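Derivation of every value follows stated rules applied to the coordinates shown; laboratory data play no part. Bear in mind the structure is a predicted one, so any value in this text is a computation, not a measurement. Every residue, glycine as well, gets a Cβ built from its backbone with ideal geometry; the counts of neighbours run over all protein chains shown.
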Amino acid sequence: MEPQRSPAEPHDNRASRHVVPYESATVVRVGDEPIDLIFRAYDALDQGILVVSEEGLISHYNAAYAQLRNIGTTELLGKPLELLDRRNSITAYLRTGKMPQLKSVDHEQRRNRETVVPIREDGRLLGSMVLVTPFSASPTEASQRRRTVNAKSPWTALYAVHDIVGESPAIQYARQLALSSARVDSSVLLLGESGTGKELFAHAIHMASPRSQGPFVPVDCSAITRDLLEAELFGYAPGAFTGATKDGKPGKFELAEGGTVFLDEIGEMPMEMQAKLLRVLQERRIVRVGGTTPIEINFRLIAATNRPLEDMVQEKRFRHDLLYRLDVVRIEIPALRERGDDLPILLEHAWKTKSRELGVLTRFSPAAIRALSRYAWPGNMRELLNLVERLLVIVPKSVIELEDLPLYVRQGGHAEIEMPDAPTFYLKTVVAEAEQQAIEKALRHAQGNRNTAAELVGLSRASFYRKLKEYGLTQGMREQDLFENAF
């Protein structure tokens, strides 16, 4: 017969991560199910269960109860309950039938919640069952914390899988891996050069996952000082340190309850924090800075880096056991130079996006597109978006021509541009790039006034106009102006 549950006590069917098997000398069957299977199910619960007979003797307790009370798995079976419960509240209930109130109790310096459930048959009291739940593992409190945190959470993912643009085999493979990993809760490690779109992939994985309705909480591990990182990740208790708020503060892992934590630049995390992160990944519990109570958390982890973690492991700058925890699903995001024919597609996508944001109707000429496609893009998508936006802002024409592109784009990044024996540190190229950048900056500072810009860079008006023509910065100028000011 299934014991009744008190309405005040929620049912908890979560499996423990540490299952202690129940050994039975004999197997008694009820219907088609063996009794030892039922006991194994009890042992799989996080909640402690104690069963007491009508006579006040201990009939059964599960592995969680034994662990909570620090007793052996069988040593108290058949013994009087008084050995465990000196308050006699359960014994009094068996004698009087008066139900003790739901209460919290301290056992071995731990704070637990006890619920007494009567076991009856045809109205007759056969005994009682005591459910013991650590406060940190209470499902009611965990769900309440989730509702409280998520109700105020501003953390949402911004991009989906369809925002990953490109048709090259490399990006298609990475996109498919992202979709596959989204279906499960395994940790994902995103690898790629700076600017390749690792955070875009993290957003997309979260949005395609069953956790999409939960928060997406990004953390840049390189942007937080060593002293503050622990409090940022795990939160802090009231009065944990000077300046701490009186109510304490939840960390990023608590804010991500039911959702995803994205640890960007994981390779920058200090070694001592790596050890604490490893424990969180193993136990799915955190303790706030200055606190003593473990808090169970439900999250999915995505990490990203542009650092060679295997090399860092060999150099003892990254923990190998943490790498194993992170590197369950590895997604390597290709650099732009490895994406073949994706450049025209990405240029069109960037142009449409930035044109819409800026409200500018400008397009690229075929010659400009060819030059941009030949460029190596060491900064990847971040550099591409930056350059497209810059050109849309500073080129006041309906069509951006080849001469409107920066000199380093027109002359660098591809073997088809004839620059024999001219590596990227070739002095003339470096000087030309610096001159063009200085002139462009001066023009912006002078709000387009060319005479003022000439004074800022220390050139005569004639020399300045010759430089403008040399570097393709003559857009919007009449040929007559160029002729008159060149002498």
Sorted by Cβ neighbour density within 10 Å, fewest at the top, the residues 74, 225, 260, 305: 225, 74, 305, 260
Burial ordering of 360, 132, 393, fewest other beta-carbon atoms within 10 Å first: 393, 360, 132
Using a Förster distance of 25 Å, the FRET efficiency for residue 345-residue 386 (Cβ separation, nearest 0.05): 0.85
Computed lengthening from residue 435 to residue 293, 0.36 nm per intervening residue step minus Cα-Cα distance: 45.0 nm
Segment 142-334 - convex hull of alpha carbons, volume per residue in Å³: 117
Extension gain, residue 55 back to residue 332 (0.36 nm per residue minus Cα-Cα distance, nm): 93.2 nm
Cα-projected label distance for residue 460 with residue 283, points at 7 Å along beta-carbon direction, nm: 7.7
Shape parameters for segment 338-418, alpha-carbon atoms, Rg then Dmax in Å: 11.9, 37
Calculated FRET value between residue 225 and residue 313, using beta carbons and R₀ = 25 Å, to 0.05: 0.55
For 187, 373, 181, order by how many other beta-carbon atoms lie within 10 Å, fewest first: 373, 187, 181
Efficiency of FRET from Cβ geometry, residue 306 and residue 241, R₀ 51 Å, rounded to 0.05: 0.95
Share antiparallel - DSSP beta bridges, segment 176-307, percent rounded to 5: 15
Cut-off under 5 Å, modelled amide H: who pairs with residue 46 long-range: 14, 16
Hydrodynamic radius by Kirkwood, which averages 1/r over all alpha carbon pairs of segment 245-403, in angstrom: 19.5
In order through segment 162-172: 3J(HN,Hα) via Karplus (6.51 cos²θ - 1.76 cosθ + 1.60), integer Hz, x for Gly, Pro: 5, 7, 7, 8, x, 10, 5, x, 5, 6, 5
